[in-house]
Amino acid sequence: MIGRWTGAIGVFNLSKATKNILTIIVPFFAFGVVLFVNYLSGKDVSNLYIYSICVAILILGFYIGQQKPVRTLTIFGILGVLAMIVGLLTTGRVGLLAFISGGLCCSIMWPSIFALAIAGLGKYTSQGAAFLIMMILGGSIIPPVQGILADTSGIHLSYIVPVIGFAYLAFFAWKAGALLKKQGIDIDHIDASGGH
C-alpha cells in the first residue's frame, strides 16, 4: 500500500514541486495509516517505528527512478535483492524488516514491467499486452515454489526465491532497455506526463 500510494502520485497532473512534496508525505502518511489501524486493533506498534527507515529508502528509490521504467525497475530490483540478502544474512527484527521491505520494492514494479514489455510492439501492442496480463499467472507459480523450499529447507532459506526474482527483474530492465535502444526507443526519455 505504501509503495502503490506513492507511485500513484505520478498519475496526477501536478507541478514538479507538488509531486516532490507528496513523494515524501504520502508514503509516511500510508505508513501512519498502517500503524493507526494496528494500534486501533490493540497492537503495540512501537516496534514498527524503525520501519520508517525502509520507507525513507523507498522514497529515495522513487527520486532516483524519476518514473522512468528502466531506471525504476532496475533500482527497485536491486533494492529488492539487497533487502532479501540482508534478510537471509540476519535474524530477528532486522531480518523480518528486510523481508517485509521486499513488498515496498514489488509495489512499484508492475508499471515499469508493463511499459518495458509492450514498448516497440507497434501493431502487436494489444496482443502483447494481453499475453502479458495472462502471464500474471506466474504469481501463482512462484509462491508454491517458495513454499516447497520452505517446507524442505526452512522458511528463512526459502527467501532465496525472491532474491532470484528481484535479480531477474533488474536484469530484465537492463536488457529490455538496451534492446529498445537498439530499436531507436529510449523509453526512459519518452514523455510520460500521463503517468504509468
Original post:
Under 22 Å Cα-Cα from LYS181, which lysines qualify once same-chain neighbours fewer than 8 residues away are excluded?
Top reply: LYS68, LYS123
Subject >> Within a Gaussian network of the chain (alpha carbon springs, distance under 10 Å), most fluctuating of ALA129, ALA98, ALA117 >> reply: ALA129
Original post:
Any idea what log10 I(q)/I(0) is at q = 0.11 Å⁻¹ for the stretch 32-126, Debye with uniform C-alpha scatterers and no solvent?
Top reply: -0.42
Original post:
Per residue, how much accessible area does the chain show when a 1.4 Å probe rolls over the protein heavy atoms, in square angstrom?
Top reply: 58
**OP:** Compute the distance in nm between two label points, each set 7 Å from the Cα along the Cα-to-Cβ direction, one at MET135 and one at VAL11.
**Re:** 2.3
**OP:** Rounded to the nearest 500, what is the 222 nm mean residue ellipticity of the chain from helices alone, with -39500 (n - 2.57) per DSSP H run of 4+ residues and division by all residues?
**Re:** -23000 deg cm²/dmol
Original post:
Rounded, prolate or oblate: which fits the stretch 65-172, taking a ≥ b ≥ c as square roots of the Cα gyration tensor eigenvalues, rounded meaning a/c under 1.5, else prolate when a/b beats b/c?
Top reply: oblate
**OP:** Could you tell me the largest-minus-smallest coordinate of the C-alpha atoms of the stretch 72-125 on each of the three principal axes, in descending order and whole angstroms?
**Re:** 51, 14, 13
**OP:** Can you tell me the equivalent ellipsoid semi-axes for the stretch 110-196? Use √(5λ) from the Cα gyration tensor, largest first, whole Å.
**Re:** 31, 15, 11
**OP:** Would you work out what percent of the accessible area of the stretch 1-137, with all protein chains in place, is carbon or sulfur (probe 1.4 Å)?
**Re:** 74
Subject >> Distance-filtered residues of the stretch 67-107 - backbone nitrogen under 16 Å, label point 7 angstrom along VAL145 Cα→Cβ >> reply: 81
Subject >> Cα→Cβ-extended label distance, 7 Å offset, between ASN20 and SER153, nm >> reply: 4.5
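How big is the convex hull of the Cα atoms of the chain, per residue, in Å³? All intermediate terms of the calculation are to be shown ahead of the outcome.
Working: hull volume 26.5 nm³, N = 196.
About 135 Å³ per residue, rounded to a whole number.
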Original post:
Could you give me the ³J(HN,Hα) list for the stretch 95-101, computed from phi with Karplus coefficients 6.51, -1.76, 1.60 and θ = phi - 60°, whole Hz, x at Gly and Pro?
Top reply: x, 4, 5, 5, 5, 5, 5
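The values are calculated or read from the model by the stated rules, or taken from the named source; none is laboratory data. Since we're looking at a predicted model, the values are computed, not measured. Heads up, the Cβs are rebuilt from the backbone with ideal geometry, glycines too, and the neighbour counts pull from every protein chain shown. Side chains are part of the model used for accessible areas, which takes the heavy atoms of the whole protein and leaves out ligands, DNA and RNA. Shrake-Rupley method; radii C 1.70, N 1.55, O 1.52, S 1.80 Å.
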